[in-house]
Each structure stands twice: as structure tokens, then as C-alpha cells.
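Below you'll find the structure, written out as C-alpha cells, and then a few comments.
The values are calculated or read from the model by the stated rules, or taken from the named source; none is laboratory data. Keep in mind that this is a model prediction, so the values were computed, not measured. Every residue, glycine as well, gets a Cβ built from its backbone with ideal geometry; the counts of neighbours run over all protein chains shown.
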Amino acid sequence: MTPNINLRILAKRFAQLSNADFFDPAFKDFVARTLRAIEHVVNEEAHYPEPIVRGFVARLWRVSPFISGNRRGDAPHETQFVLKKALNHWVKQPALISSAAHEDFEFYLKPGDDLWKYIPATLDKFDHEGYNPILVQIGFPEAYRHRPTFCTPLFHELGHFVDVTHRITETSIMVAPPQMPPPAGVTSKAWVDLHIDHRREFFADLFSACYSGETSTKQLEVIAPSVGPTKSHPATKDRVDTVRDFLAGRPNPRVELIQATLTARGLPSLAVQYTDPDLKAQFDDALTYRIESEAELFGIFGASWKYLFEQTVTRDAPWIDGTATEADIETTVNDLTEKSIRDFEIMERWKSVTTD
Amino acid sequence: MLAAVASNDDRALETFKLVLILSAQDQPASESLREYFSGVLDQAKAILEDPQNAAVGATSEAVILAMLMANDEELGTALADLPTEGRIERSAAITALSTLESNRDAKYQFANSGEEIRSVI
């Protein structure tokens, strides 16, 4: 099938999508602008060589499920709100976030397609008006949609997203190349790839620690306590030690390399962005915690996790009676956490309306 | 959560490669595409020369390309020789494309043992 036939099929698909409802109105604009680009290529068919049209069509197919993810609106909204705050520290472009709920235990944040980077580079007769949003797709276990306390792995995944967006690890390979020659029996490419994969994990661990402290690494210790290094991941102990050194302000060559790389890339240094809110008094009374700052907003993930597991042991909150199961405690704590974040978001919107 | 990052590395240089594909087919590339290509290649060369300073503000494609060029001599030579202005010869485009593809296709050549990996890392 020629790319031009596909293009006409996609033109119809995007025309239908332009009339659909979206969870985030920015997606309507995205679809309308993309439809304009499709119509442009259809009308200028003779001008664009087939490889250009083929590349355009491939990207349109790839963004299609990304768009559908926003129509469902099934993202863990409160967690997404907090992640966007963290993302704002690292990315200046507007971000379009869509979601993919999974039946299995899978978390990820991956870059969407580069469609709107491709359009200005290749469609020379099209006025793209400087539009170039960053596309993010969040994948999460469907069961955790209303369980923000368990969504802290998304901070680690956000770290990977920021790394890949700015190619921080690749920059680190340029700044501090792996020692060569590689060990006997290992190709140079395999050696570099191994360093890339390991450095990616260290960066994501440290990034996550900036926003949620040791929550992720503690989970790692529970899930994979004595796992040694593999081709794709460093040893658990090395990961935990690196995060602990960072949080304690102890010198660590891995942390120093990442900080030097961020400087070389013109990006901010990794720094702790959270404070631990003392939510016990409110949560004990089954009340939401009033989050006072962005730092507390990040900190509530670790604090609610800690509170939840303390209560499953001590059961000293007045609302936990003799019949309450661990599942009841978990549901209540997640509910209080979700509502605390939602209250902060509502207050922020209210302040923004009243000050504008 | 503990899986390696889902990567779109294989696609990161697709737009860059388009100029080579068009040149290999003796088709013209638009000015905007040539500008994009030259921008990425020039930035990559600058990063190769001075990674501490030239990576500020460079595109992510340039960083990837610089890293590939630094770690694959054949690729580095094939790309460094390409003109950033004017026409790219068909044979030069085919060579550059083929080295980019073979670099992408190279796989890990490691034993699986964690101990062996720990011993070399």
C-alpha cells in the first residue's frame, strides 16, 4: 500500500478525532493542528518525496494510541498532577500527557512520538507556527488508579523520561567515557551499552530520591534485596548505597558524575525537592492533610507510605477498629492521600483565579 | 518499575537519516531538512571536540550522534566526511546509512553471569 492511501485513511481518522471529547483540552488543539498538517500533505502530494510521506504516516499511526489514551481519562489524576510539577523543573515545553492503564504490574513514562519535531524539519511548505509540544505517556497498573501511595515508582520512571528527553546518560558517556579497552571477550559497543544502562538506573534512582526520598529504593530492597548486577541493572546494594550517599550528602563518584553531566548539559543539579509532612494527627482523625507547599506535595508520597505501614502494625489510629483489615487501612490511607493532593490542586487553582 | 527504560533509541535518528535516504535515492532534500541535518551533525561534531561545553543547548539527536561517532570509528569517519552544505554524494550517503544501521544492530556480547559482570564493571 502506498503511503498516500494510508494518509487518506488517517485524514478521516483525525477528522473524526477532532470532534471527540478529550480529558485535556490541549489534545483537541493537538488533533486539529495534526489534521491541518495531514490535509496539507494530501494537497501537496506531488511536492513531498515518498520517504518523507512514509515517515509522516508512520508517526501518525504511532500517535494514534497516544491520543486515545487521553480520551479515556483513566490516568491516576492526582499522581499525574504531582508528576507534572516535577516535570516542570526539567522541561520548558508544554507537555501533553496521556495514559495507558495495564492489568499487569507495569509502570512507565515514555516519550510519545516526535511527530511535531518531524513536521517542521520535513514539511517545508507547511506553517507549523512554532508548535512543538512534548508528548508523555504514563503506563501504570489499573488497580493503582486511586492509590497514589503506591505510585512512587512513577518518580523513577519520570527520571528515565527526563534522562531520555535530554540524553543525560549519553552526555555522561561523552563527559566520562567508560575505561577502554573493554575487558577481554567484551565488545566496545557492549561495554558502552552496559555503562549506559547502569548509569540510566542510577540517574532514575537519584531523580526519584529528589522527589520521594528513599521510598523507591526501600521497595527495591524488599523486592530484590540481594540481586547482583545484570547487563541492564546495577546491583541493588550499589543502587541503595548511591541513593543513601546522595541523601546524606556524602561524596559518591556516581553522584558527582551525574551532577557534572547536568552542568555540561545546562540543566539544574539534582537536589532534594521534598519535605516530609507530619500528617499523623490529621490522618489519625481520618482528615485530609492540608499540604502547604510544593515540597510537601512531593513529600506526601513517602509520608503516606510510612504512615500506612506503621498503621498496619500499630493500628493506633482511632478509626481502625477490631474488624478493620489491612485492606481497609490501605484503602483509607490511599483515599486520604488522594484527597489531600486534590485539595492542594483545588486551592492552587482557586488562588490562580483570584490573583489573575 | 524496575525494568530498563523503554527506549525509542532506534527511532531517535530517523529524521536525521532521511537526508541520507533521499541522497542515496538521488532525490533532493528540502532546505528545512538539510538545515535540520546540518544542525545535528555540526552540533555532534562540536560535542565530540568539547563535550564539557558544547552539549549545553544541543539537541538530543546531536548528543546521541556524538556518542555513536565517539564509540564507532567507522561511523565517526563516515559521518565526519559528509558535507553539511550542498549535495551529498550517493555513495557517501549509502556508506553512512549502512554504518548507522550496523551500529544499531550490534548486540550485547556478554556472558549472563552476574559475577562476570561484577568482575568487569
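Would you please name the residue that is farthest from B:Thr59 (Cα to Cα), looking only at residues in segment A:240-282 that are among the basic types (Lys, Arg) and free of Cβ contacts under 8 Å to residues at least 40 places away in the same chain? Here the residue is A:Lys280.
The combined condition, being among the basic types (Lys, Arg), under 23 Å from A:Ile168 (Cβ atoms), part of a helix (DSSP H, G or I) and without any contact (Cβ under 8 Å) to a residue 40 or more places away in the chain, is fulfilled by A:Lys84. Taking the criterion of being touching a helix residue (DSSP H, G or I) at 6+ places or on another chain (Cβ under 7 Å), in a loop (DSSP other than H, G, I, E, B) and either within 22 Å of A:Lys85 (Cα to Cα) or among the aromatic types (Phe, Trp, Tyr) (or both), the residues of segment A:114-153 that qualify are A:Phe126, A:Tyr131, A:Asn132, A:Pro133, A:His146, A:Arg147, A:Cys151, A:Thr152. Identify, please: which residue in segment A:172-184 is within 7 Å of another protein chain (Cβ to nearest Cβ) and aliphatic (A, V, I, L, M) and is, among those, surrounded by the fewest Cβ atoms within 10 Å (Cβ to Cβ)? Once the filter is applied, the top-ranked residue is A:Val175.
Listed conditions (1) closer than 14 Å to A:Phe14 by Cβ; (2) within 14 Å of chain B (Cβ to nearest Cβ); (3) crowded, with 16+ Cβ neighbours inside 10 Å are all met by A:Trp61, apart from (3). Looking only at segment A:11-45, residues that are under 18 Å from A:His128 (Cα atoms) and in a helix (DSSP H, G or I) come to 20 in all. Can you name the residue in segment B:37-86 that is of a type in the set (S, T, N, Q) and not in a helix (DSSP H, G or I) and, of all such residues, is surrounded by the most Cβ atoms within 10 Å (Cβ to Cβ)? The extreme case among them is B:Thr59. Residues considered: A:Thr215, A:Thr230, A:Thr165, A:Thr187. Of these, the only one that is more than 7 Å from chain B (Cβ to nearest Cβ) and of a type outside the set (D, E, K, R) is A:Thr215. Evaluating A:Leu60 against the criteria (1) out of contact with any Lys or Arg (no Cβ under 9 Å at 6 or more places or on another chain); (2) at pLDDT 90 or above; (3) closer than 14 Å to A:Leu135 by Cα leaves one unmet condition, (1).
Just so you know, in segment A:218-234 the residues that are within 23 Å of the chain's Cα centre (by Cα) and part of a loop (DSSP other than H, G, I, E, B) include one that is surrounded by the most Cβ atoms within 10 Å (Cβ to Cβ), and it is A:Pro234.
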